[in-house]
Amino acid sequence: MTKITFPDRFLWGVSTAAYQIEGAWNEDGRGESIWDRFAHTPGRIQDGSTGDVACDHYHRWPEDVAIMRALGIPGYRFSVAWPRIVPAGRGLVNQKGLDFYNRLVDGLLQAGITPLLTLYHWDLPQSLQDEGGWTARETATAFATFADVVSRSLGDRVKHWVTHNEPWCTSLLSHQIGLHAPGWQDWPAALTVAHHVLLSHGLAVERLRSNAPGAEVGIALNFDPAWPASPSAADYHAARRHEGYFSRWFLDPLYGRRYPADMVEYYIQEGYLPQGLAFVQEGDLETIAAHTDFLGVNYYTRRVLRDTAAPDNLPQTVFAAPASEHTAMGWEVHPESFYRLLNRLHFEYLVPKLIITENGCSYLDHPDENGRVADGRRIRYLSDHLIAVHRAIQNGVPVAGYFQWSLMDNFEWALGYTQRFGIVYVDYVTQKRYLKDSAYWYRDLIARNGLEQYKSDG
Ligand code: GCO
């Protein structure tokens, strides 16, 4: 048995997002978001559900903070709902919305929990969408103003800020694939959105620097590292192109390398950039590459790609390791890819600090007759991925924290409530919370600042 200990002051935490847990969708002056509109549109959500109530966190937040405190969890990553604070997206500020987040932050600090605030986790005010949403450059400036409002109110107490959660989801998943709100399938629009989201990040960093002096500011990107299904050149290029589509399109501009030339060429060739990079204006790339203190890393799984062009001309995902384990999401469990990703981000992009802003898994374990939720597979997933993080740290990668996704089961976007990622089980009928075995396991791991690696995998 090997004892694994993380660095001193390693920041342990759990993550959530406003639309996935808060509910109170039209309470206390909250405006409509694109996710309210999307979820209320029949056929968009797999189980026909919405985030109208979700985990009722808007009302039950003291109980949820008490659970984190009881588990000794020292960090909490949450997002603020733009339409709760600025209902129309720009203009009038809803003080009741700001008051909610001030109560939450004060409650966290009183419980000895460090808040890590995400400004945008996909819930754009619908009124901005009605004016073009992120395809409109003006939305980037509206976001900067929103960041200004929030950081003026909370910047004295919140010292860790994430501007955007997963720009790939905000742009391509939502405007090219269409699985998320607003549900478009428009390549040129998706790439324009990606630019305006990155631009808004850079503009927001400036506001945060002035309103939250001494705070650490970053952005959270999601990654699914691509492996070629075979040693063939075709499969290698399929994997390389996927990484360009999913990661380098965002990483390169953020770290001062402009948009990746191979992907610009590919997108122009495919007709996805009919005006080339006309959406890039003078100074934009410098704004996007604003210095940040950390990179938030969201990791769940990898992709294995074979060069079998699918109708949308993207390489199809195939599982080259059918024997490997998959979670309830159908995602392959592959901690080795996590290890390699962390090394690549630091050594290839010279990222000065990494915080794991999301890592976790969905398994559909339910309470037994005694109320126990025996989620051993989640404990195994988290253990294996934390061992990979530790290996990366041992290899010189500056990982400063780990926020497990998620504190509690919640609304899993287009999949509704069919998935469960929490270390706390939520009964959506009674809103009763049940601490799963993994919650107690995480409590003990945090108390030890480490874990035992029960067997070496060779
Ligand atoms: C994401 C989002 C989370 C998801 C989680 C599970 O990474 O997609 O940040 O909101 O719920 O990742 O899919």
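The values are calculated or read from the model by the stated rules, or taken from the named source; none is laboratory data. Please read these numbers as outputs of a predicted model, since none were measured by experiment. Note that we place each Cβ from the backbone using ideal geometry, even for glycine, and neighbour counts take in every protein chain shown. Keep in mind that these areas ignore ligands, DNA and RNA; they rest on the heavy atoms of the full protein, side chains included. Shrake-Rupley method; radii C 1.70, N 1.55, O 1.52, S 1.80 Å.
General remarks:
- Residue match in segment 279-295 (condition: within 30 Å of Val389 (Cα to Cα) and within 16 Å of the ligand (Cβ to nearest atom)): yes
- Residue-level check: of (1) open to solvent by less than 20 Å² (accessible area, probe 1.4 Å); (2) modelled with pLDDT of 95 or more; (3) closer than 30 Å to Gln394 by Cβ, Leu305 misses just (2).
- The residue pairs whose first member lies in segment 143-169 and is among the hydroxyl-bearing types (Ser, Thr, Tyr), whose second member is within 16 Å of the ligand (Cβ to nearest atom), and whose beta carbons are closer than 6 Å, counting only pairs six or more residues apart or on different chains, are Thr163/Leu119; Thr163/His201; Thr163/Ile219.
- Among the residues of segment 410-419, those identified as surrounded by fewer than 24 Cβ atoms within 10 Å (Cβ to Cβ) and in a loop (DSSP other than H, G, I, E, B) are Glu412, Gly416, Tyr417, Thr418, Gln419.
- Segment 162-271 holds helices (runs of 4 or more DSSP H) entirely within its bounds, and those carrying 2 or more residues that are touching a strand residue (DSSP E or B) at 6+ places or on another chain (Cβ under 8 Å) and among the β-branched types (Val, Ile, Thr) map to 187-211.
- Check on Tyr101, touching a His at 6+ places or on another chain (Cβ under 9 Å) and either of a type in the set (Lys, Arg) or closer than 16 Å to His160 by Cβ (or both): no
- Filtering segment 15-35 to residues that are touching a Phe, Trp or Tyr at 6+ places or on another chain (Cβ under 6 Å) and within 16 Å of the ligand (Cβ to nearest atom) leaves Ser15, Thr16, Tyr19, Gln20, Glu22, Gly23, Trp35.
- Search result, residues across segment 16-51 that are in contact with an Asp or Glu (Cβ under 6 Å, 6 or more places away or on another chain) and open to solvent by 20 Å² or more (accessible area, probe 1.4 Å): Trp25
- So Asn359, is it within 14 Å of the ligand (Cβ to nearest atom), out of contact with any Ser or Thr (no Cβ under 7 Å at 6 or more places or on another chain) and at pLDDT 95 or above: yes
- Residues being open to solvent by 20 Å² or more (accessible area, probe 1.4 Å), touching a Ser or Thr at 6+ places or on another chain (Cβ under 7 Å) and away from the ligand (no atom under 16 Å from the Cβ) are represented in segment 376-384 by at least one member.
For every residue, the table says whether it meets (1) within 18 Å of Met408 (Cβ to Cβ); (2) surrounded by fewer than 17 Cβ atoms within 10 Å (Cβ to Cβ); (3) without any contact (Cβ under 8 Å) to a residue 60 or more places away in the chain.
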site: Asp64; (1), (2), (3): yes, no, no
site: Ile67; (1), (2), (3): yes, no, no
site: Gly72; (1), (2), (3): yes, yes, no
site: Pro83; (1), (2), (3): no, no, yes
site: Asp99; (1), (2), (3): no, yes, yes
site: Thr118; (1), (2), (3): yes, no, no
site: Asp130; (1), (2), (3): no, yes, yes
